[in-house]
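A short write-up of the structure that comes next.
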Amino acid sequence: MNEPGINASTRVCGVFGWPIRHSASPAMHNAAFGGYGMNWKYLAFEVRPEKLREALLGARSMGFMGVNLTLPHKLLAMEMMDVLDGTALEWGAVNTVRFEGRAPDGSWHPLAGFDQNHPLELRAQGFNTDAAGLEMGLREDLQLGMAGLKVIVLGAGGAGRMAALKCASAGAQRVHVINRTTARAAEVAVEAARRFPSATIKMDYPSDSVDLLINATSLGLNPGDELPFDSSVFSLSRVGAVYDMIYKPAETRLIAAAKKAGCRTANGISMLAGQGALAFELWTGRPGPLIQMKRAAEQMIYGNECHF
Ligand SMILES: NC(=O)c1ccc[n+]([C@@H]2O[C@H](COP(=O)([O-])OP(=O)(O)OC[C@H]3O[C@@H](n4cnc5c(N)ncnc54)[C@H](OP(=O)(O)O)[C@@H]3O)[C@@H](O)[C@H]2O)c1
């Protein structure tokens, strides 16, 4: 027997990751589909990196509308796409795959645009919605655009690199890239300075105040973690707003210290919802309902626990 709301016409999206069971993406997207009354479902699939290519081909052949990719697949997928959108090329990673079909006139369209029979010719187009998701999160929670800001980015891994480059590309006045491994911060700083010469890129703490500090390190995920910056040389009293990409726990040690110092604060759940809302729009052609998706993610991650 079919589950209520699932039948032979249900359209399928999903997320591939390894591991994946913690993911809030099914809750976010299914809430959005439900809100629009769409007969679509979003599922999480545990896909080993060695099986990513097969899984993508399978999803394409079975008529999935699209999939999100999370760790460790975002870089691996770059060479598995038939076409890369400018966002994937810009950030060097794919977090959203849209399956597309070829119409009789030769043009390509999202599969959602084909009514019944899927076309024979299908392709996978790779996008990246992470950087724009961060931008949406900052606007939604802190009412901040990046243009003209002085920013500190803590971390130079995948998320730190993306945050520093995004700030520089969106017109930040100055970006300080700080990371435990200095060589990694230097790589990011060199790339940002080369690609976005109008931004000033620094690799030390500022001596003046900054508008925004973004934590893109994994420090804060565990209860005993220290602060992600060196409090002997820099003080949060010189920061206007703090955005911690970590969203579990809802209040990291950094967020607590920033509140105490009088900064405006937000955690990374709005970035998670932002990248999801943009993926939703790429698949369905409808605006992703950011607030509804954020609420669904909060409900899934925090339950009824108070997180403010
Ligand atoms: N909200 C969202 O949607 C979202 C999206 C992406 C990521 N994130 C979060 O962002 C964080 C970073 O993710 P990522 O993908 O960039 O991971 P990653 O590539 O593994 O990078 C980890 C970063 O954390 C630093 N780090 C790790 N342990 C440290 C320690 N003990 N002391 C100081 N620095 C330390 C690393 O510094 P080294 O270079 O020195 O190792 C590196 O800069 C994670 O917490 C992740 O949950 C959130």
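Couple of notes before you dig in:
- Residue tally, condition open to solvent by 20 Å² or more (accessible area, probe 1.4 Å) and assigned to a helix (DSSP H, G or I), over the range 135-171: 10
- Selection status of VAL188, open to solvent by 30 Å² or more (accessible area, probe 1.4 Å) and either outside any strand (DSSP E or B) or of a type in the set (D, E, K, R) (or both): no
- Verdict on ASN117 being within 16 Å of the ligand (Cβ to nearest atom) and of a type outside the set (D, E, K, R): no
- Any chance ARG123 is within 20 Å of the chain's Cα centre (by Cα), open to solvent by less than 50 Å² (accessible area, probe 1.4 Å) and touching a residue at least 24 places away in the same chain (Cβ under 8 Å): no
- In the range 1-81, counting only helices (runs of 4 or more DSSP H) that sit wholly within it, the ones holding 1 or more residues that are more than 23 Å from ARG295 (Cα to Cα) span 52-61, 73-76.
- Leading residue by the ranking (surrounded by the fewest Cβ atoms within 10 Å (Cβ to Cβ)) among those in the range 216-242 that are near the ligand (Cβ under 9 Å from one of its atoms) and closer than 18 Å to CYS263 by Cα: PRO228
- Among the candidates ALA147, ALA103, ALA159, residue that is within 16 Å of the ligand (Cβ to nearest atom) and either at pLDDT below 95 or over 21 Å from PRO228 (Cα atoms) (or both): ALA159
- Within the range 250-291, tally of residues that are more than 16 Å from the ligand (Cβ to nearest atom), crowded, with 17+ Cβ neighbours inside 10 Å and not assigned by TED's automatic domain parsing to the domain that holds SER235: 4
The values are calculated or read from the model by the stated rules, or taken from the named source; none is laboratory data. In this text, all values refer to a predicted model and were calculated from it rather than measured experimentally. Every residue, glycine among them, receives a Cβ derived from its backbone with ideal geometry; neighbour counts consider all protein chains shown. With ligands, DNA and RNA removed, areas are computed over all heavy atoms of the protein, side chains included. Shrake-Rupley method; radii C 1.70, N 1.55, O 1.52, S 1.80 Å.
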